[in-house]
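To start, the structure itself, in C-alpha coordinates.
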Amino acid sequence: DVKVTQSSRYLVKRTGEKVFLECVQDMDHENMFWYRQDPGLGLRLIYFSYDVKMKEKGDIPEGYSVSREKKERFSLILESASTNQTSMYLCASSLAGNPDTQYFGPGTRLTVL
Amino acid sequence: DAKTTQPTSMDCAEGRAANLPCNHSTISGNEYVYWYRQIHSQGPQYIIHGLKNNETNEMASLIITEDRKSSTLILPHATLRDTAVYYCIVSGQGGSEKLVFGKGTKLTVNP
(Lines give C-alpha, C1' and ligand atoms only; values in the text may rest on other atoms or scores of the structure.)
Protein backbone atom coordinates (compact mmCIF):
# COMPACT_ATOMS: atom_id res chain seq x y z
CA ASP A 1 0.00 0.00 0.00
CA VAL A 2 1.05 3.54 -0.73
CA LYS A 3 1.95 5.44 2.35
CA VAL A 4 2.07 9.20 2.54
CA THR A 5 3.09 10.61 5.87
CA GLN A 6 3.04 14.15 7.15
CA SER A 7 5.30 15.41 9.89
CA SER A 8 2.60 16.61 12.28
CA ARG A 9 -1.12 16.04 12.76
CA TYR A 10 -1.56 19.26 14.71
CA LEU A 11 0.61 22.37 14.76
CA VAL A 12 0.20 25.72 16.51
CA LYS A 13 2.35 28.65 15.42
CA ARG A 14 2.43 32.38 15.98
CA THR A 15 1.96 35.08 13.37
CA GLY A 16 5.22 35.84 11.61
CA GLU A 17 6.87 32.51 12.33
CA LYS A 18 8.42 30.45 9.55
CA VAL A 19 6.61 27.13 9.27
CA PHE A 20 7.76 23.92 7.59
CA LEU A 21 5.32 21.16 6.73
CA GLU A 22 6.97 17.95 5.63
CA CYS A 23 5.52 15.18 3.49
CA VAL A 24 7.13 11.84 2.67
CA GLN A 25 5.88 9.11 0.34
CA ASP A 26 7.30 5.62 0.08
CA MET A 27 6.09 4.49 -3.34
CA ASP A 28 8.58 6.20 -5.65
CA HIS A 29 5.89 8.52 -7.03
CA GLU A 30 7.03 11.26 -9.35
CA ASN A 31 4.24 13.72 -8.55
CA MET A 32 3.61 15.34 -5.21
CA PHE A 33 0.99 17.91 -4.23
CA TRP A 34 0.11 20.28 -1.43
CA TYR A 35 -3.53 21.24 -0.84
CA ARG A 36 -5.30 23.19 1.84
CA GLN A 37 -8.85 22.44 2.92
CA ASP A 38 -11.17 24.99 4.48
CA PRO A 39 -14.87 24.69 5.36
CA GLY A 40 -17.04 25.79 2.47
CA LEU A 41 -14.08 26.10 0.12
CA GLY A 42 -13.13 22.47 -0.35
CA LEU A 43 -9.63 21.38 -1.30
CA ARG A 44 -7.51 23.92 -3.11
CA LEU A 45 -4.17 23.17 -4.76
CA ILE A 46 -1.26 25.24 -3.48
CA TYR A 47 1.74 23.78 -5.31
CA PHE A 48 2.71 20.59 -7.02
CA SER A 49 5.92 18.98 -8.19
CA TYR A 50 6.38 16.46 -10.98
CA ASP A 51 10.05 15.78 -10.37
CA VAL A 52 12.90 16.52 -8.01
CA LYS A 53 13.66 20.23 -7.89
CA MET A 54 10.66 20.97 -10.12
CA LYS A 55 7.61 22.87 -8.91
CA GLU A 56 4.48 24.38 -10.36
CA LYS A 57 2.08 26.86 -8.81
CA GLY A 58 -1.40 25.68 -8.10
CA ASP A 59 -4.46 27.82 -7.59
CA ILE A 60 -3.42 29.59 -4.37
CA PRO A 61 0.39 29.79 -4.13
CA GLU A 62 0.56 33.23 -2.52
CA GLY A 63 2.25 33.15 0.86
CA TYR A 64 3.72 29.71 0.32
CA SER A 65 6.83 28.16 -1.16
CA VAL A 66 7.88 24.54 -1.63
CA SER A 67 11.01 22.46 -1.78
CA ARG A 68 11.65 19.07 -3.37
CA GLU A 69 15.25 18.06 -2.94
CA LYS A 70 14.56 14.33 -2.88
CA LYS A 71 11.98 12.34 -4.78
CA GLU A 72 10.22 11.06 -1.68
CA ARG A 73 9.99 14.36 0.19
CA PHE A 74 7.99 17.51 -0.54
CA SER A 75 8.04 20.41 1.87
CA LEU A 76 5.62 23.29 2.17
CA ILE A 77 7.01 26.49 3.66
CA LEU A 78 5.12 29.40 5.12
CA GLU A 79 7.78 32.14 5.17
CA SER A 80 5.82 34.33 7.58
CA ALA A 81 2.71 32.65 8.89
CA SER A 82 -0.50 34.65 9.03
CA THR A 83 -3.82 33.90 10.70
CA ASN A 84 -5.52 33.39 7.33
CA GLN A 85 -3.22 30.42 6.79
CA THR A 86 -4.93 28.55 9.59
CA SER A 87 -6.20 25.48 7.76
CA MET A 88 -5.94 21.75 7.17
CA TYR A 89 -2.97 21.01 4.90
CA LEU A 90 -2.99 17.83 2.85
CA CYS A 91 -0.15 16.28 0.93
CA ALA A 92 -0.65 13.80 -1.92
CA SER A 93 1.43 11.84 -4.39
CA SER A 94 0.83 10.05 -7.68
CA LEU A 95 2.62 8.30 -10.49
CA ALA A 96 3.62 10.27 -13.55
CA GLY A 97 1.65 7.89 -15.75
CA ASN A 98 -1.47 8.12 -13.59
CA PRO A 99 -1.38 11.61 -12.17
CA ASP A 100 -4.98 11.86 -11.07
CA THR A 101 -4.93 8.75 -8.89
CA GLN A 102 -3.57 10.56 -5.89
CA TYR A 103 -2.77 9.13 -2.50
CA PHE A 104 -3.21 11.51 0.39
CA GLY A 105 -1.57 11.83 3.75
CA PRO A 106 -3.57 12.22 6.97
CA GLY A 107 -3.29 16.01 6.97
CA THR A 108 -1.80 18.64 9.26
CA ARG A 109 -4.15 20.95 11.06
CA LEU A 110 -2.25 24.22 11.38
CA THR A 111 -3.42 26.98 13.67
CA VAL A 112 -1.73 30.37 13.43
CA LEU A 113 -2.35 32.60 16.43
CA ASP B 1 -14.77 25.27 -10.78
CA ALA B 2 -16.22 21.81 -10.28
CA LYS B 3 -17.64 20.29 -13.42
CA THR B 4 -19.89 17.93 -11.50
CA THR B 5 -23.16 18.09 -9.61
CA GLN B 6 -23.82 15.81 -6.65
CA PRO B 7 -26.53 15.72 -4.00
CA THR B 8 -25.48 17.38 -0.79
CA SER B 9 -26.31 14.42 1.40
CA MET B 10 -27.64 10.87 1.34
CA ASP B 11 -28.52 8.20 3.86
CA CYS B 12 -28.16 4.46 3.55
CA ALA B 13 -28.92 1.54 5.83
CA GLU B 14 -26.02 -0.65 6.90
CA GLY B 15 -25.72 -3.72 4.70
CA ARG B 16 -27.65 -2.18 1.84
CA ALA B 17 -26.21 -0.87 -1.40
CA ALA B 18 -25.34 2.82 -1.49
CA ASN B 19 -25.83 4.41 -4.90
CA LEU B 20 -24.25 7.82 -5.23
CA PRO B 21 -25.16 9.79 -8.37
CA CYS B 22 -23.11 12.38 -10.19
CA ASN B 23 -23.97 14.60 -13.15
CA HIS B 24 -21.20 15.72 -15.48
CA SER B 25 -23.07 16.89 -18.55
CA THR B 26 -20.16 18.93 -19.95
CA ILE B 27 -17.62 16.11 -19.85
CA SER B 28 -15.40 15.95 -22.91
CA GLY B 29 -14.24 12.87 -24.74
CA ASN B 30 -10.84 12.53 -23.09
CA GLU B 31 -11.94 13.25 -19.53
CA TYR B 32 -12.19 10.56 -16.90
CA VAL B 33 -14.59 10.31 -13.98
CA TYR B 34 -12.86 9.86 -10.63
CA TRP B 35 -14.33 9.13 -7.24
CA TYR B 36 -12.65 9.89 -3.94
CA ARG B 37 -13.98 9.86 -0.42
CA GLN B 38 -12.97 11.61 2.76
CA ILE B 39 -13.71 10.15 6.14
CA HIS B 40 -13.90 12.70 8.93
CA SER B 41 -10.49 14.06 9.97
CA GLN B 42 -8.63 12.01 7.37
CA GLY B 43 -7.14 12.76 3.97
CA PRO B 44 -9.14 11.91 0.83
CA GLN B 45 -8.96 8.33 -0.40
CA TYR B 46 -9.02 7.29 -4.05
CA ILE B 47 -11.84 4.86 -4.82
CA ILE B 48 -12.16 4.26 -8.54
CA HIS B 49 -12.11 5.91 -11.95
CA GLY B 50 -13.36 5.23 -15.46
CA LEU B 51 -13.61 6.63 -18.95
CA LYS B 52 -16.68 5.05 -20.52
CA ASN B 53 -16.86 1.43 -19.49
CA ASN B 54 -18.21 0.34 -16.15
CA GLU B 55 -15.50 -0.42 -13.63
CA THR B 56 -15.34 -2.51 -10.48
CA ASN B 57 -12.70 -2.96 -7.83
CA GLU B 58 -12.57 -4.22 -4.27
CA MET B 59 -14.11 -1.02 -2.93
CA ALA B 60 -16.88 -0.12 -5.35
CA SER B 61 -18.41 -0.20 -8.80
CA LEU B 62 -18.66 2.71 -11.19
CA ILE B 63 -21.48 2.85 -13.70
CA ILE B 64 -21.14 5.47 -16.44
CA THR B 65 -24.08 6.18 -18.73
CA GLU B 66 -23.65 5.64 -22.44
CA ASP B 67 -23.69 9.38 -23.17
CA ARG B 68 -21.18 9.82 -20.29
CA LYS B 69 -23.20 12.70 -18.86
CA SER B 70 -23.71 11.01 -15.54
CA SER B 71 -22.38 8.22 -13.39
CA THR B 72 -23.18 6.29 -10.24
CA LEU B 73 -20.82 5.01 -7.60
CA ILE B 74 -22.10 1.85 -5.97
CA LEU B 75 -20.97 0.56 -2.59
CA PRO B 76 -22.57 -2.89 -2.68
CA HIS B 77 -22.84 -3.53 1.06
CA ALA B 78 -22.40 -0.29 2.96
CA THR B 79 -20.92 -0.39 6.45
CA LEU B 80 -20.74 2.27 9.14
CA ARG B 81 -17.12 2.87 8.13
CA ASP B 82 -18.32 4.02 4.71
CA THR B 83 -19.79 7.16 6.26
CA ALA B 84 -17.83 9.91 4.52
CA VAL B 85 -17.97 12.71 1.97
CA TYR B 86 -17.80 11.30 -1.54
CA TYR B 87 -16.34 13.41 -4.34
CA CYS B 88 -17.03 12.90 -8.02
CA ILE B 89 -14.37 14.56 -10.15
CA VAL B 90 -13.95 14.95 -13.89
CA SER B 91 -10.35 15.19 -14.97
CA GLY B 92 -8.31 15.18 -18.12
CA GLN B 93 -5.64 12.83 -16.73
CA GLY B 94 -3.23 15.45 -15.53
CA GLY B 95 -3.09 17.67 -18.56
CA SER B 96 -3.52 21.37 -18.09
CA GLU B 97 -6.31 20.70 -15.67
CA LYS B 98 -5.93 19.61 -12.09
CA LEU B 99 -8.16 17.59 -9.83
CA VAL B 100 -10.92 19.88 -8.61
CA PHE B 101 -12.73 18.72 -5.51
CA GLY B 102 -16.24 20.13 -5.27
CA LYS B 103 -18.47 19.88 -2.22
CA GLY B 104 -19.25 16.19 -2.64
CA THR B 105 -22.04 14.10 -1.12
CA LYS B 106 -22.09 13.41 2.59
CA LEU B 107 -23.11 9.76 2.88
CA THR B 108 -24.33 8.64 6.27
CA VAL B 109 -24.65 4.90 6.80
CA ASN B 110 -27.13 4.18 9.58
CA PRO B 111 -27.20 1.05 11.74
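Table for the structure above
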| item | result |
| --- | --- |
| In the stretch A:23-57, residue modelled with the highest pLDDT [restricted to those that are assigned to a loop (DSSP other than H, G, I, E, B) and closer than 19 Å to A:T111 by Cα] | A:P39 |
| Positions within the stretch A:18-67 being under 14 Å from the mean Cα position of the chain (by Cα), more than 13 Å from chain B (Cβ to nearest Cβ) and of a type in the set (D, E), in sequence order | A:E22, A:E62 |
| Among (1) without any contact (Cβ under 8 Å) to a residue 60 or more places away in the chain; (2) out of contact with any Lys or Arg (no Cβ under 7 Å at 6 or more places or on another chain); (3) open to solvent by less than 10 Å² (accessible area, probe 1.4 Å); (4) not acidic (D, E), the one test that B:A84 misses | (2) |
| Residues located in the stretch B:1-41, provided they are among the charged types (D, E, K, R) and either under 16 Å from B:D82 (Cβ atoms) or not in a loop (DSSP other than H, G, I, E, B) (or both) | B:D11, B:E14, B:R16, B:R37 |
| Any hit, the stretch B:42-49, residues being of a type in the set (S, T, Y) and more than 8 Å from every other protein chain (Cβ to nearest Cβ) | no |
| Residue ID - least open to solvent (accessible area, probe 1.4 Å), chosen from residues in the stretch A:1-37 that are in contact with a Phe, Trp or Tyr (Cβ under 9 Å, 6 or more places away or on another chain) and β-branched (V, I, T) | A:V4 |
| Test set (1) within 13 Å of another protein chain (Cβ to nearest Cβ); (2) under 19 Å from B:F101 (Cα atoms) - B:E58 fails condition number | (2) |
| Subset of the stretch A:68-113 [in contact with a helix residue (DSSP H, G or I) (Cβ under 8 Å, 6 or more places away or on another chain) and either open to solvent by 30 Å² or more (accessible area, probe 1.4 Å) or within 8 Å of chain B (Cβ to nearest Cβ) (or both)] | A:L113 |
| Total residues in the stretch A:38-55, condition surrounded by 14 or more Cβ atoms within 10 Å (Cβ to Cβ) and either in contact with a helix residue (DSSP H, G or I) (Cβ under 6 Å, 6 or more places away or on another chain) or of a type outside the set (A, V, I, L, M, F, W, C) (or both) | 6 |
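The values are calculated or read from the model by the stated rules, or taken from the named source; none is laboratory data. Treat the numbers as computed from the prediction; the structure is a model and nothing was measured. FYI the Cβ positions are ideal-geometry reconstructions off the backbone, even for glycines, and counts take in every protein chain you see. Just the protein is used for accessible areas: all its heavy atoms, side chains included, with ligands, DNA and RNA removed. Shrake-Rupley method; radii C 1.70, N 1.55, O 1.52, S 1.80 Å.
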